[in-house]
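A.B. asks: Take this structure first; my questions come after.
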């Protein structure tokens, strides 16, 4: 059992194994802080995503690599967005998506799929089912990150879907630590959705 999950690491550069572990640690911290609606989600996320952007490119998962570059940029935007206040009141608290934002989410998803397909075709990387799943995940996670930066509760639905699909992808590719990370991500995302929903419900009661 141990060999099945970890034998592939014998052939990996040592520095990549350490980088993966560091990225996993800060990735878990980031998702935990997101669950708690804590702004530390962004600085911890910046560390994790910058490392993964490099590693995933090395692993030929181009879509996921681009996801992490996008995460990095959106973390900076989200960090700023979450700190905005008007007379000491949060200007953008947790909320549900508007009809306009739903349309924008569809646009982001479709545009992301088209862009990643073009990249994969350019580099001639559509060589296995990994590439197709990676393309789909890129679209899902792009929307999820955009919604999290906007502090919309629906971001958790996209994280849950993407995390579940990522578990077999990374396990099949041999990146066991990252696969295990997505199992934990899924659990935290479910609780994150429930916690944010509780916050929203409490606000409705107060109104």
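A.B. asks: If r is the Cβ-Cβ distance from residue 37 to residue 107 and R0 is 25 Å, what FRET efficiency results, to the nearest 0.05?
C.D. replies: Values: r = 27 Å, r/R0 = 1.07.
Computed FRET efficiency for residue 37 and residue 107 comes out at 0.40.
A.B. asks: Give me the percent relative contact order of the chain, please, defined on Cα pairs under 8 angstrom at least 6 residues apart. All intermediate terms of the calculation are to be shown ahead of the outcome.
C.D. replies: Details: 255 pairs, mean separation 46.9, N = 207.
After rounding, I find 23 percent.
A.B. asks: Ok, one more. For the range 18-150, rounded, prolate or oblate, judged on the Cα gyration tensor with a ≥ b ≥ c (square roots of eigenvalues), a/c < 1.5 rounded, else prolate if a/b > b/c?
C.D. replies: oblate
A.B. asks: What is the spin-label model distance, in nm, from residue 203 to residue 187 if the labels are put 7 Å beyond Cα along the C-beta direction?
C.D. replies: Rounded to a tenth, the inter-label distance reads 2.9 nm.
A.B. asks: With the contact rule set at Cα under 8 Å and sequence spacing of 6 or more, what percent relative contact order holds for the range 31-82? Before the final figure, lay out each step's value.
C.D. replies: Working: 42 pairs, mean separation 19.2, N = 52.
Averaging sequence separation for qualifying contacts and normalising by length gives 37 percent for the range 31-82.
A.B. asks: Could I ask something else about it? Rounded, prolate or oblate: which fits the range 104-176 when a ≥ b ≥ c are the square roots of the eigenvalues of the alpha-carbon gyration tensor, with rounded for a/c under 1.5 and prolate only if a/b beats b/c?
C.D. replies: Details: a/c = 3.17, a/b = 1.32, b/c = 2.40.
Verdict is oblate for the range 104-176.
A.B. asks: Continuing with the same structure: For the residue pair residue 180 and residue 77, what label-to-label distance in nm results when each label sits 7 Å from Cα along the Cα-to-beta-carbon direction?
C.D. replies: Output for this residue pair reads 3.4 nm.
A.B. asks: Is the shape of the range 22-98 best called rounded, prolate or oblate, per the rule: a/c under 1.5 gives rounded, else a/b larger than b/c gives prolate, else oblate, with a ≥ b ≥ c the square roots of the Cα gyration tensor eigenvalues?
C.D. replies: The shape class here is prolate.
A.B. asks: When the helix-only estimate is applied to the chain (DSSP H runs of n ≥ 4, each -39,500 (n - 2.57), divided by the residue count), what is the mean residue ellipticity at 222 nm, nearest 500 deg cm²/dmol?
C.D. replies: Only helices count here, giving -27000 deg cm²/dmol.
A.B. asks: Right, here's the next one. Among 145, 97, 74, determine the one that fluctuates most according to a GNM of the chain built with springs between C-alpha atoms less than 10 Å apart.
C.D. replies: Judging by the Gaussian network model, the answer is 97.
Coordinate-derived values only; no laboratory data. Computed from a predicted model, the values in this text were never measured in an experiment. Neighbour counts run over all protein chains shown; Cβ positions are idealised from the backbone, glycine included.
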